[in-house]
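Chemist: The structure follows.
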Amino acid sequence: CFREYFVHKFRAMLGKNRVIFPGEKVLLAVSGGPASSAMVRQVQEGLSREAAKRLRFVPGLVYVEEGAVRGQSPEQREQTLAQMETLLQATGFPYHLIHLEEALELPPSILQPGPEHSGPPGPSYKEAVDSFIQQQRQDGDSGSSLPGHSTQDRPAGPSGTPRLPDAAQTQELLRGFEAAGTATAREELLQMLRTHLIVQTARDRGYAKVMMGESLTRVAIKLLTNLSLGRGAYLAVDTGFTDQRHGDVMVVRPMRDYTAKEIAFYNRFFSVPTVIVPPLFTKRREKPSIHQLVERFLVGLQEEFPSTISTVYRYGGSMWGCWGWGGLGCTHTPRCGCRTGEKLSPEPAKASSESQRCLLCL
């Protein structure tokens with residue numbers, strides 16, 4: 001029953017939001033970690049013929065190799081890349097291996113939101129489903145894979161040990177990270193560069209949506225981290241199901257209802273392969289980043305109080321409102337169902353004009 005529960009939660013998240021249309025190309029960002037690997041498995045099972053309600057989009061995979069800033073040697077980077085390529089090839093989906101150094105060569109246009117759909121509004125979800133079914137009938141529903149799996153989506157060149165970037169590029173990237181004065185700044189820089197690379201890959205390859213494998217645990221950590229960093233106005237787009245700040249590419253988070261423990265059990269029970277990479281390399285081990293401090297705090301509380309993660313996100317109002325953190329004096333109980341984390345409005349983020357947006361984080 002755990003498997004049925006796990007699968008149903010993934011399908012229900014996609015079905016409830018209805019932002020991924022049938023036949024649409026969707027890029028899955030894979031880090032090799034437990035959450036993103038479980039996400040790939042859910043997509044694989046959803047596209048199989050045995051699925052009761054088959055998924056109808058066209059998946060692709062992308063992996064950003066970050067070994068240079070994580071303190072890995074060239075040999076370790078090669079080994080991690082080989083493991084990831086084996087994992088990605090086993091899925092049968094088109095995949096892209098990119099290095100973090102490639103962020104240094106991104107075009108300046110990546111710093112501006114892409115053009116959104118212009119002209120008359122696009123079809124509704126129901127219209128898209130009806131059109132897809134009609135197209136399937138015209139094609140005879142021969143049972144072949146969904147359109148979009150073209151050869152140019154696969155890595156060029158013979159399959160073998162992936163080649164690392166030039167040493168000069170790696171040194172330039174490391175100088176940029178060394179220039180960031182704190183571990184928190186380096187964490188933020190890494191996240192920004194990774195996001196820009198994934199979004200640019202989606203644009204170049206014609207993907208309309210990007211799936212991130214952020215679990216409920218990761219989203220709760222990000223929520224408190226962003227509050228600590230003064231990003232409260234952007235909590236809705238940073239932690240919500242959809243993030244449309246990039247304009248032409250929408251980011252979705254279908255794993256945000258799963259805790260890290262649920263994902264760990266699923267991967268263990270059903271032998272989902274993962275590739276673990278070391279954390280961001282830092283010489284200041286005694287002074288971790290704000291991201292690491294918040295993670296240690298929440299994970300430590302979660303061990304003693306199993307409802308900590310869900311309380312932080314699902315009942316966020318109870319934490320900084322109902323429990324009077326700001327002296328608001330609300331008499332609600334933790335069971336009041338405020339669900340502030342899920343009701344955060346993206347309007348403050350939309351209110352910012354283009355000239356007021358940060359060029360790095362948008």
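Chemist: Would a scan of the range 95-109 turn up a residue that is within 30 Å of Glu4 (Cβ to Cβ) and in contact with a helix residue (DSSP H, G or I) (Cβ under 6 Å, 6 or more places away or on another chain)?
Modeler: yes
Chemist: Assuming Tyr313 fulfils every condition listed in (1) among the aromatic types (Phe, Trp, Tyr); (2) buried (at least 18 other Cβ atoms within 10 Å of the Cβ); (3) at pLDDT 85 or above apart from one, which condition is it?
Modeler: So Tyr313 meets the others, but not (3).
Chemist: Could you check, for the range 235-244, whether at least one of its residues is hydroxyl-bearing (Ser, Thr, Tyr), in contact with a helix residue (DSSP H, G or I) (Cβ under 9 Å, 6 or more places away or on another chain) and in a helix (DSSP H, G or I)?
Modeler: yes
Chemist: Between Ala185, Ala103, Ala90, Ala180, which is open to solvent by 50 Å² or more (accessible area, probe 1.4 Å), aliphatic (A, V, I, L, M) and modelled with pLDDT of 65 or more?
Modeler: That would be Ala90, the only listed residue that is open to solvent by 50 Å² or more (accessible area, probe 1.4 Å), aliphatic (A, V, I, L, M) and modelled with pLDDT of 65 or more.
Chemist: Which residue is surrounded by the most Cβ atoms within 10 Å (Cβ to Cβ), if the candidates are limited to the range 40-75 and must be under 19 Å from the mean Cα position of the chain (by Cα) and part of a helix (DSSP H, G or I)?
Modeler: Only one residue tops the list, namely Gln42.
Chemist: Ok, one more. What pairs come up if the first residue lies in the range 71-88 and is hydrophobic (A, V, I, L, M, F, W, C), the second is assigned to a helix (DSSP H, G or I) and crowded, with 20+ Cβ neighbours inside 10 Å, and their beta carbons are under 8 Å apart, counting only those six or more places apart or on different chains?
Modeler: Leu87/Ser37
Chemist: Moving on. Report, ordered by the first and then the second residue, all pairs with beta carbons closer than 6 Å, sequence separation of six or more or different chains, a first member in the range 172-187 that is without any contact (Cβ under 8 Å) to a residue 60 or more places away in the chain, and a second member that is in a helix (DSSP H, G or I).
Modeler: Listed pairs, sorted by first residue: Ala180/Arg186; Ala180/Leu189.
Chemist: Quick check on Glu78: is it part of a loop (DSSP other than H, G, I, E, B), out of contact with any His (no Cβ under 6 Å at 6 or more places or on another chain), under 23 Å from Pro94 (Cα atoms) and open to solvent by 10 Å² or more (accessible area, probe 1.4 Å)? Talk me through it step by step, then tell me what you get.
Modeler: Numbers: part of a loop (DSSP other than H, G, I, E, B): no; out of contact with any His (no Cβ under 6 Å at 6 or more places or on another chain): yes; under 23 Å from Pro94 (Cα atoms): yes; open to solvent by 10 Å² or more (accessible area, probe 1.4 Å): yes.
Here the answer is no, as Glu78 does not meet what is asked.
Per-residue answers, yes or no, for (1) free of Cβ contacts under 8 Å to residues at least 60 places away in the same chain; (2) under 22 Å from Val64 (Cα atoms); (3) in contact with a Ser or Thr (Cβ under 7 Å, 6 or more places away or on another chain); (4) open to solvent by 30 Å² or more (accessible area, probe 1.4 Å):
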| site | (1), (2), (3), (4) |
| --- | --- |
| Met192 | no, yes, no, yes |
| Leu197 | no, yes, no, no |
| Thr201 | no, yes, no, no |
| Lys209 | no, yes, no, no |
| Met212 | no, yes, no, yes |
| Ser215 | no, yes, yes, no |
| Val219 | no, yes, yes, no |
| Leu229 | no, no, no, yes |
| Tyr234 | no, no, no, yes |
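The values are calculated or read from the model by the stated rules, or taken from the named source; none is laboratory data. None of the values given here were measured: they were computed from a predicted structure. Here the Cβ is made from the backbone with ideal geometry for all residues, glycine too, and neighbour counts use every protein chain on show. Side chains are part of the model used for accessible areas, which takes the heavy atoms of the whole protein and leaves out ligands, DNA and RNA. Shrake-Rupley method; radii C 1.70, N 1.55, O 1.52, S 1.80 Å.
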